[in-house]
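Reviewing the structure listed below.
The values are calculated or read from the model by the stated rules, or taken from the named source; none is laboratory data. Worth saying up front: this structure is predicted, and the values here are computed from it rather than measured. Because the Cβ atoms are built from the backbone with ideal geometry, glycine has one as well, and the counts that use them run over all protein chains shown.
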């Protein structure tokens, strides 16, 4: 049992992490809230003044803000849909008796380890370039007009790149979950001649419900923060999301007050998701 | 006993899996192949897949023109440095939470997790201004601090789930035999904890290596890691596909290899132990 001495030691051991994390969370957040209530432009230093909720009103009346929120949400939902549906199917496929399964698994998981700036430039240039890209060549060779991805469908282009990175993540998590499914249960279902569809609905899906929820919540946290893919491909104008807008307003337009208001909106949005995620993981701690 | 599967089903599944796996992997393969072409061949239509003059000149040029090694060393210093600092903080914390849990340990863990949910844009503006005023913009020290704080919750959590699996009875036995706390740590706990610590280190080096929000916003040149170096290829005049590919291949290869080793840790680390 824990003695007085170890309890004290325990507190001492935990304290440094708690203190730095507390500061890291509270100081920037407090400052962001404070800045969001100021008229504060870096080009006009020394003239900060308190303006109440003006920055929020300004943001809420700015079409760019709603476009950014819209892009944020579209990006999150589209990538989630692709990675959950695709990931489930792919995980089921990889769970089959496959020759060279480990190699296939390595190939499938690889995109997740690619630096976002690399994947952005490789996709934008070597695949989606309207003249010399591989997609343009493929479409021309079947007699179609090539698509200028970043001019015509910038958000779709970003979604494809981001989904390419997160589909592997979902696949890996769901495959791990499927493989933890009781081997005897699988065998029993096979011996009984369970049709694949009922096998999926009654055995696999209930088992996957939790991991799928975990994937949805975790991907949402990361997808709300997508930045590099938009920044590097220069598609921030038409396809910019909330993080990009905050960067643009703050570091390019030097409007600290406005950018901070945007940052707070992003925090609120993320917190709604976090609330559910944390409850879910907390329940797991007990189990 | 292995499940009996019909040959036909096995063939179809294998073919489908290999095809999909290949398609998903193809962009990476294509980048590697393109890095061995000349610029002219990289642009050629129809594209050349395998039959061209393979050359390694791009690798030489990338290094010559941009002092590539500086970006590599920045990436190494930032990712390994921030992970080591985080381990220094996290190992004692996770150890205490796993072996001497207090009433609030669970709440504390959940709270740490919640800090990870803070979107970086919520902190970007003040951090940028503080860094500017303290002269930390474009410094390795500043970035190490940010990356360390960003990944600390994941590191504590991962270590906690690993330490939790070490049976407490062993520690008690050691204590009964009269081992001091120090001996208990060094001779009993450490050997059992090393694999978990190594896995944590691996995953976090990967995460920090690929981090592309703070590294892009807080560096310009001196402390810029590979993420920023590759981003510099986005300017229109810098669009040389073969060189971009060579630079990209060098930037992703080491982490791809590490990542393949770290698959299992990835699942555990990024789901905070919710899926094992």
Quiz item: Only one of these conditions is not met by residue B:43: (1) closer than 15 Å to residue A:125 by Cβ; (2) at pLDDT 85 or above. Which number is it?
Solution: (2)
Quiz item: What is the residue count in the range A:18-67 for residues that are in a helix (DSSP H, G or I), surrounded by 16 or more Cβ atoms within 10 Å (Cβ to Cβ) and within 11 Å of chain B (Cβ to nearest Cβ)?
Solution: 12
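For (1) in contact (Cβ under 8 Å) with a residue 24 or more places away in the chain; (2) at the interface with chain B (Cβ under 7 Å from one of its Cβ atoms); (3) part of a loop (DSSP other than H, G, I, E, B); (4) in contact with a strand residue (DSSP E or B) (Cβ under 8 Å, 6 or more places away or on another chain), each residue gets a yes or a no:
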site	(1), (2), (3), (4)
A:70	no, no, no, no
A:81	no, no, no, no
A:89	no, no, no, no
A:92	yes, no, no, no
A:96	no, yes, yes, no
A:130	no, no, yes, no
Self-check item: Qualifying residue in the range A:158-166 (condition: in contact (Cβ under 8 Å) with a residue 24 or more places away in the chain, touching a helix residue (DSSP H, G or I) at 6+ places or on another chain (Cβ under 7 Å), surrounded by fewer than 24 Cβ atoms within 10 Å (Cβ to Cβ) and within 8 Å of chain B (Cβ to nearest Cβ))
Solution: yes
Quiz item: With B:153, B:126, B:120 as the choices, which residue is within 18 Å of residue B:93 (Cα to Cα) and at the interface with another protein chain (Cβ under 8 Å from one of its Cβ atoms)?
Solution: B:153
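If we scan the range B:57-64, do we find a residue that is buried (at least 20 other Cβ atoms within 10 Å of the Cβ) and touching a helix residue (DSSP H, G or I) at 6+ places or on another chain (Cβ under 7 Å)? Can you show your working first?
Taking the range B:57-64 first, the residues buried (at least 20 other Cβ atoms within 10 Å of the Cβ) are B:58, B:62.
Filter once more, keeping what is touching a helix residue (DSSP H, G or I) at 6+ places or on another chain (Cβ under 7 Å): B:58, B:62.
Yes; the residues of the range B:57-64 include at least one that is buried (at least 20 other Cβ atoms within 10 Å of the Cβ) and touching a helix residue (DSSP H, G or I) at 6+ places or on another chain (Cβ under 7 Å).
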Quiz item: Just one of the numbered conditions (1) facing chain B (nearest Cβ under 9 Å); (2) touching a helix residue (DSSP H, G or I) at 6+ places or on another chain (Cβ under 6 Å) is not true of residue A:210; which one?
Solution: (2)
Exercise. Keeping to the range B:186-224, report how many residues are part of a helix (DSSP H, G or I) and touching a residue at least 12 places away in the same chain (Cβ under 8 Å).
Key: 25
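Are any residues in the range A:167-198 in contact with a helix residue (DSSP H, G or I) (Cβ under 6 Å, 6 or more places away or on another chain), under 23 Å from residue B:274 (Cα atoms) and more than 10 Å from chain B (Cβ to nearest Cβ), and if so, which ones? Quick ask: steps written out before the conclusion?
First, the residues of the range A:167-198 that are in contact with a helix residue (DSSP H, G or I) (Cβ under 6 Å, 6 or more places away or on another chain): A:167-178, A:181, A:189.
Subsequent filtering for residues that are under 23 Å from residue B:274 (Cα atoms) retains A:167-178, A:181.
Residues satisfying the conditions are A:170, A:178, A:181.
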Quiz item: When you go through (1) at the interface with chain B (Cβ under 7 Å from one of its Cβ atoms); (2) surrounded by 24 or more Cβ atoms within 10 Å (Cβ to Cβ); (3) over 18 Å from the mean Cα position of the chain (by Cα) one by one for residue A:261, which number turns out not to apply?
Solution: (1)
Quiz item: Pick from the range A:238-258 the residues that are in contact (Cβ under 8 Å) with a residue 60 or more places away in the chain and more than 24 Å from residue A:153 (Cα to Cα): which of them is surrounded by the fewest Cβ atoms within 10 Å (Cβ to Cβ)?
Solution: A:254
